[in-house]
Structure formats: C-alpha cells, structure tokens
1. Which ³J(HN,Hα) values in Hz, rounded to whole numbers, follow from the phi angles of the stretch 113-122 under the Karplus curve 6.51 cos²θ - 1.76 cosθ + 1.60, where θ = phi - 60° and Gly and Pro get x?
2. Would you check the accessible area of residue 40, probe 1.4 Å, heavy atoms only, in square angstrom rounded to 10?
3. Per Stokes-Einstein, at 25 °C and 0.890 mPa s, what whole-number D in µm² s⁻¹ belongs to the stretch 156-198, with the Kirkwood radius over Cα pairs as the hydrodynamic radius?
4. I want the local charge near residue 251. Using Cβ-Cβ distances under 13 Å, sum +1 for each Lys or Arg and -1 for each Asp or Glu among the other residues.
5. So for the pair residue 243, residue 30, with labels modelled 7 Å out along Cα→Cβ, what separation do we get in nm?
6. Accessible surface of residue 257 in the full protein assembly, 1.4 angstrom probe, to the nearest 10 Å²?
7. Extension gain residue 4-residue 207, at 0.36 nm per residue separation less the Cα-Cα distance, in nm?
8. I'd like to know how the chain sits against the 2.2 N^0.38 Å rule of thumb: what's its Cα Rg over that expected value?
Amino acid sequence: LNDKNSFLDERGFSPIGQVVEGMDVVERFYSGYGETVEFDPSGEGPDQGLIQSEGNEYLQSSYPKLSYYSKVQFLYGRPIEFTAENLDGEPGETGTFIVLTRPDWAPIGAGRFETLVSEGFFEECRVFRVLPGFIAQFGINGDPDVQAKWRSNYLEDEPVAVSNSRGTISFTSYGRPGSRTTQLFINLKRNSFLDEQGFSPIGQVVEGMDVVERFYSGYGDTVDFDPLGEGPDQGLIQSEGNEYLQSSYPKLSYFSMVQFL
C-alpha cells in the first residue's frame, strides 16, 4: 500500500504480480479491526487459526465489516513484446513495446491476434501506414504465400466494448460486416469516432508508446486511402510482399521479433 516496503525484499518476499488498475479500491478495504493476533497479541483482528478451522462462519459472525471478494475472474490476456526496427526510418534504431491482449473486450479478435503471434506471423511485417496523430497500421505478412492463407479467413464482428483511445489496438475491416482478417492499427490518439464505425479494440499498448510514435511516417498515406498518397499500395504488398516494400519503401519500420512474455 506504499512504496516503502523494500525491507521485505531482504526477507525473501518475491512479487508475483501487481495491481494495474483500481488501487483506489484497494485503499478502501476495511481496516478498523487492526492487526491480527498472530502479529500483535493486543490486536483485535481475526485469529488466522480460527479462519483456517472455521472459515467464513467465524469471520461473518465476529468481523462482519471485513471487505471481501464477490467475484474474481480473468480479464486480461497475454503480454506480447514487439521489437521494432528502422525507427524514424533509420537503420539500427531499435526499440520495444508491449501489447496486452484484452479478451474481456473482444475475445474473438484477441484470440486471432494471439494465434498470429504464436505462428510468427508479425515478424518482418512492415508498419506500412503511419499517420501521425491518427493511427499506425500493420498486419500484411511479408511472404505472399503466408498472407494468402489468411486473406479470406474472416472473423465475425464483435461489439465495441471500449473506445479507440490512444494505445488501443483494433483490427481493420474492408468496410463490410465480418471482414476482419490480419491487419490492425494502433491508435496514436483518442479516435472515438471509430467506435461508431464498429472498430473494436482487442488490446492495448501498455509500455513503449514512445517507440510506437517513432514508426516511420515520411511516405504519407497509402494510395488505397489517398490517390495522391505516396505510401505503399496494399494490393502490391499482398501480391509481392517485402520484396516490393524493401525496394520501394526501405525506411518503413518493421518488427524483427514478436514474442509472448
């Protein structure tokens, strides 16, 4: 409950996790009974031995004000580390960011994302559409044969459970229901207008948004969205893969390694 418990490290207490949201709730756990008798003979708190032997019957009768958990469930998915290369379009400029999937938001989409990671799909993928102050888009495999296997492997739509806020990740679609496949975008700012269009976040960047902000954006939008854009043609990425991108768009940032933590 404070940041001054480092003395516990020397006693061998090894942290196994952390509260990432809701410490204000934790701070409201009832503390009026004081310390337990095991740690303070004059304490008025419960006897742990009696908790072991009599359980909640003892606690509810003698310590009715104790806070308790009515429901405990898995919410978060798996943390995934992306190693990004060519940051700012410069060879050798490397950084990492971590994505946490959120199956509680969108179980179908989060499941597909984790499957793609487990199969190494995103490694060597280029971030081919980066629009500062909007989104960074990726998810076309550099091998056309691999991409072809997924191109028509559509996912059914899911309700938008949370807004497309900065750092959230959503699948793209082809402007029609049930058209999500492998392409995703990271929101670079709060894009709540995308909520109404049905883009359902499946995870979020929980560490390293400073790295995401350095994805190379100098080519502008893709020709698919802006006829005057100088960015890559998605059709050619699908058919020619990284051979096309490396020769025509060598500054694009890309992922050299994507792994579960």
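1. The phi angles translate into 4, 5, 4, 4, 5, 5, 8, x, 4, 7 Hz.
2. The accessible area of residue 40 comes to roughly 50 Å².
3. Details: Rh = 10.7 Å.
Stokes-Einstein gives a translational diffusion coefficient of 230 µm²/s.
4. Every neighbour counted, the sum reads -3.
5. 7.1
6. About 90 Å², ignoring ligands and nucleic acids.
7. Numbers: separation 203, 0.36 × 203 = 73.08 nm, distance 2.41 nm.
Difference between extended and current length: 70.7 nm.
8. 1.33
The values are calculated or read from the model by the stated rules, or taken from the named source; none is laboratory data. Note that the structure is predicted; figures quoted are calculated from it, not measured. Using ideal geometry, Cβ is built from the backbone for each residue, glycine included, and neighbour counts are taken over all protein chains shown. What goes into the accessible areas is simple: the full protein's heavy atoms, side chains included, and nothing from ligands, DNA or RNA. Shrake-Rupley method; radii C 1.70, N 1.55, O 1.52, S 1.80 Å.
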